[in-house]
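What follows is a single structure, written as structure tokens, with notes after it.
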Amino acid sequence: MDILIDAMVQLADPIVIFIVFAGVSAGLFVGAMPGLTATMALAVLLPFTFTMPPLLGLVALGAVYMGAIYGGSFAAILVNTPGTPSSIATAFEGYPLSKQGRALEAISVATVASAVGGIAGVLFLLFLSPPLARLSLKFGPAEYFWVAMLGLTLIASLSEGSVLKGLLGGAFGMMLGTMGVSPIGGETRFTFGMPVMQGGVEMIVALIGLFVLPELYNMAAQGRAALGEVTLSSKERASFWRVTKRVFSMPGNLIRSCTIGEIVAIIPGAGGNIANLVAYNEAKRASKHPERFGTGLIEGLVATESSNNVTVAGSMVPLLTLGIPGAPPDAVILGVMLLHGLRPGIELFTTSGVLTYGFIISMGLAALAMVPVGLLGGRLIYRIIFRTPYYFLVPTIGLATILGTYALRNSVSDVIIMLILGTAGYLLKQVDVNPAPIVLGLILGGIAEIGFVQALLTGMAYKFPVVRLFQNQLSWILIGMVVVSAAWPYFALFRRRRARKKRLQKEQSQ
Amino acid sequence: MIKNANTDLIAGLVGLAITAAFWFSLDPEMTRLSRMFPRAMIKIMGLISVLLVIRSFVNPDRRNLFAEGSNRRVLVTAGHFFAWGVAIPYAGFFVSSVIVISSLVYYLALANRKVSLKVMSGWVLIVLFEVGFFYLIFTKLLHIPLPGGFLI
């Protein structure tokens, strides 16, 4: 309790409040641009936090993250193009509302629902993290190895496209992570004759390259088509209080969507992109009038926007406790935490408790800040974005990307590595090997290697040291989860095929 | 655009190439502690790649590659970015950024409109202001020294 009070005292600083508002505005700005994801927003704005004290840096990134996920709804509502993948289902209801001349009402609903979702995510994080962090104390090297494997199989099975390609991306990321100095043996590996590779591939460098560059190349390829047209009427008005009452008049929908958002958020690799679709689908199933979904229904909008914003803080549960990012943007937050010497686990909630709780509560502040920023500044931000021609946008984001990569270690070599990885990411994406499994493989590779080697070292007394990986009950539970998550997509495919076959047989018999 | 490409085969072959690159650069004199995990991962990656190649013959995933927008613009944009990265230590951050951004803005704008000398001069001024803004923020506010090269 004392830690919580200390954290709140630290957050009462006007600079923190200013950073929260600035972060939400910056996140909203990037998130509202179609094609630019929350991960990209964090990666591009990352260098601005380097010289900040740890708490301010984390507060800024948390606010950017929250603003970016919310910002995605602007483009979804106004131009039927989700600003971020977390707003795909928002477009299903938001755009029809815009076409009816109710764009501002839709934005207000999205704002209130996002704020509710953001606060719910913070509450989940506050109450779920400490017990899970205590549980993490029971994790030995073998368990950490299996947790990393579980993360990898979940990412592969949840990522778009084929599981095998997801696994290939994850394995490639893990291989990239082995470059440089070995974490246990201390020897230099896979430098390919280049001394500059002795430092390995810095996680944030890979993140920036793999997440930002492919989007920039896409934007350059598509030209003006990358950004849509603005259709915002200046005569339209929407009462904030009326909208707020409307959102809170559907508590069942809010609770269900927030719970779905949190469950999805805890699964490594799955974020707002999955949560918003699942919540929308469930809202439709539970609705008294599912046939009206897709025609501009507030219920659907509330479900998608509350669920995707829960994932912002909610996905940090596995990150802060086990060091496993719940969603790709969390990888950037992890990078900043490691940069400041903060290691995920129980210590974050004890030794660094003030900082951690300060960060968590600041995300609640960011959720609240979305209301004034979104309602007052959103319209202005949106107009600026859509009046900036893409031929200025691409080089400007490129500038921020190069600066951010360079500033990390004052290294031009990092910039070249980032460009190579980003270009490779763009090419791999063409054949359905997406950047998310590669980056998460890079992060999980370190955890897996330390767990694997330490487990085998402790098993040296056995004839086959590898048995050490299979000795504990917790390991077996995790192995079971790995097997289920790897087999699930194939099982689902088998079920779909069988159902189709049955349907065809039925049709033929009729 | 590459029409109807077998993406499983391409991904599998790329995976095998990466596997081979890592396998042949694995130092046999390295201690077991440093070799253990990468060796296991190389084998796993090789296995996944082989499975993808097998699937490419049984039930391949086919699609058009590089089908969206102009591939020439992607190539030129990538060329600009690499030239930028290489030029920074020689020409300095400020100068290389102004040159590369101005050139990229000009090239990308040509896809949508005609660019007169007068318009371009205005754009160069905007680019100078933009790069100067970032330069000052990083060097003066964030105290991150940017490469000077033989210019600034």
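Remarks
- Basic side chains Lys and Arg get +1 at the Cβ, acidic Asp and Glu get -1 at the Cβ, and with that the dipole of chain A about its Cα centre reaches some 1860 debye.
- In this simple spin-label model, placing a label point 7 Å from the Cα along the Cα-to-Cβ direction at both B:Lys114 and A:Arg134 gives a separation of 7.5 nm.
- Peptide A:108-117, shielding by other chains (average Cβ, 10 Å cutoff): 0
- 3J(HN,Hα) couplings calculated from phi for the range A:435-444 with the Karplus curve 6.51 cos²θ - 1.76 cosθ + 1.60 (θ = phi - 60°) are, in sequence order, x, 4, x, 5, 5, 5, x, 4, 6, 6 Hz; Gly and Pro show x.
- Computed E for B:Ile2/A:Asp6 - FRET, C-beta separation, R0 56 angstrom, nearest 0.05: 0.40
- Amide H to amide H, with H built 1.01 Å from N, B:Ala5 comes under 5 Å of B:Arg63, B:Asn64, B:Leu65, counting only residues 5 or more places away or on other chains.
- Highest average first, the peptides B:135-141, A:55-61, A:179-185 ordered by how many other beta carbon atoms sit within 10 Å of their residues are A:55-61, A:179-185, B:135-141.
- Calculated FRET value between A:Val466 and A:Lys288, using beta carbons and R₀ = 60 Å, to 0.05: 0.60
- Rounded, prolate or oblate (a/c below 1.5 giving rounded, otherwise prolate when a/b exceeds b/c) for the protein assembly as shown by Cα gyration tensor: rounded
- Label zone at A:Leu376, where the point sits 7 Å out along the Cα-to-Cβ direction: the range A:102-116 residues whose backbone N lies under 17 Å: A:108, A:111-112
- Excluding same-chain neighbours fewer than eight residues apart, the lysines reachable from A:Lys284 by a Cα-Cα span under 22 Å are A:Lys99, A:Lys245.
- Options A:Gly441, A:Ala91, A:Val44, ranked by Cα towards positive dipole end of the range A:2-471, top entry (Cβ charges): A:Ala91
- Radius 11 Å from Cβ of A:Thr111, net charge of other residues (Lys, Arg +1; Asp, Glu -1): -2
- Within 10 Å of each Cβ in A:489-501, the average number of Cβ atoms from other chains: 0
- Förster radius 35 Å - calculated FRET efficiency between A:Val484 and A:Phe248, Cβ distance, rounded to 0.05: 0.40
- HN-Hα J in Hz across the range A:501-507 - Karplus 6.51, -1.76, 1.60, θ = phi - 60°, x for Gly and Pro: 4, 4, 4, 4, 4, 5, 4
- Among the residues of A:404-414, the average count of other protein chain beta-carbon atoms within 10 Å of the residue beta-carbon is 3.
- With Cα atoms, 0 to 90° folded angle of helix B:93-109 axis to chain B main axis: 80
- The helix-based estimate of mean residue ellipticity at 222 nm for chain A, built from -39,500 (n - 2.57) per DSSP H run of four or more residues and divided by its residue count, is -24500 deg cm²/dmol to the nearest 500.
- Ordering B:Asn4, B:Leu33, B:Gly46 by Cα displacement along the dipole of the range B:2-65 toward the positive end leaves B:Asn4 in first place; charges were set at the Cβ atoms of Lys, Arg (+1) and Asp, Glu (-1).
- Calculated P(r) of the range B:2-65 - Cα pairs past 20 Å, %: 38
- Using only side-chain charges placed at the Cβ, +1 for Lys and Arg and -1 for Asp and Glu, the dipole size of chain B relative to its Cα centre rounds to 340 debye.
- Ordering A:Ala369, A:Thr111, A:Ser352 by the projection of their Cα atoms onto the charge dipole of chain A, which places +1 on the Cβ of Lys and Arg and -1 on the Cβ of Asp and Glu, puts A:Thr111 at the extreme positive end.
- Taking a point 7 Å out from the Cα of A:Ile384 in the direction of its Cβ, the residues of the range A:11-34 whose backbone N falls within less than 11 Å of it are A:25-30.
Read-outs throughout are calculated quantities, based only on the coordinates presented, and are distinct from any laboratory measurement. These figures come from a predicted structure and were not determined experimentally. Quick reminder, even Gly has a Cβ in these numbers, built from the backbone with ideal geometry, and neighbours come from all protein chains shown.
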